[in-house]
Amino acid sequence: MLGMKRIVVAVVVALGSLGTAGEALAHGVSAADKAFMEQGGLMAFLYLGAKHMVTGYDHLLFLFGVIFFLFKLRDVGLYVTLFAVGHSVTLLYGVLSGTNVNPYIVDAIIGFSVVYKAFDNLGGFRRLFGRQPDTRAAVLIFGFFHGFGLATKLQDFALAREGLVPKIVAFNVGVEAGQLLALTVILVAMGFWRRSPAFARQAFAAHVIVMTCGFLLMGYQLAGFAFA
């Protein structure tokens, strides 16, 4: 129980910092990173793509939910691939086509994806509706929205059209590298946690916390949309 209390405190502190982090945390990057990307080459895009995924709490919460009850590496690979395909398609499409979407709405949907996955893992759909939605389709569809969320970050930059394709591809490769790094850490931690006799009991509490985080993220983004 002490471990779960520490998790709750950490989550509350992290989410509480959102209120003072400002616009850069919600939808953009720091001025230093922006200058680095606008002046840098492919390695800058690769680095910032990885950095954004590793520090992207909304993406990581969803990924955590996706793999929580996956015990076979084959299944982990399938679902992570579906997520990667989804966000890669809309990231590339959004930036290269110049398609603009409201970042607050997209990020609110991303917050909802966290709520959805936690609710799904708790068996909420079966209890309320008597059926289980296709989890693979859900991961792919929410991957599309996560990709648009990534695209809104890049659309804040003054990027020249010349050489844009390889730069965006490099950013996406960085995103995938960051995702792989984060996934490795999560899987190792999950491996130790699953050996604990308290895992089944703590799993429920963990999903309640994750769902709460998703609701807070949704509320934060919707408030930003309302008062922007």
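Where a number appears in this text, it was derived from the coordinates with a stated rule and is not lab data. These figures come from a predicted structure and were not determined experimentally. Cβ atoms come from the backbone with ideal geometry, glycine included; neighbour counts cover every protein chain shown.
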Under Karplus coefficients 6.51, -1.76 and 1.60, residue-wise ³J(HN,Hα) of the stretch 197-212 in Hz, glycine/proline x: x, 8, 4, 4, 5, 6, 4, 4, 4, 4, 6, 5, 5, 4, 4, 4
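Among 72-81, 170-179, 98-107, 198-207, how do they line up from the highest to the lowest mean number of other beta-carbon atoms within 10 Å?
Values: 72-81: 13.1, 170-179: 21.2, 98-107: 16.9, 198-207: 14.7.
Order by mean packing, descending: 170-179, 98-107, 198-207, 72-81.
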Projected area averaged over orientations for the stretch 96-191, convex hull of C-alpha atoms, nm²: 8.0 nm²
Cross-link pairs beyond the 28 Å C-alpha cut-off, checked among K72/K167; K72/K117; K117/K167: K72/K167; K117/K167
Cα gyration tensor shape of the stretch 53-148, rounded if a/c is under 1.5, else prolate or oblate by comparing a/b with b/c: prolate
Centroid-to-centroid separation of the stretch 96-126 and the stretch 182-215 [C-alpha atoms, Å]: 20 Å
Cα pair distances in the stretch 40-227, grouped into 5 Å bins until the bin that holds the longest one, percent each: 1, 8, 15, 19, 20, 15, 10, 6, 3, 1, 0, 0
Sequence ranges 126-136, 140-150, ranked by mean other-Cβ count within 10 angstrom, highest first: 140-150, 126-136
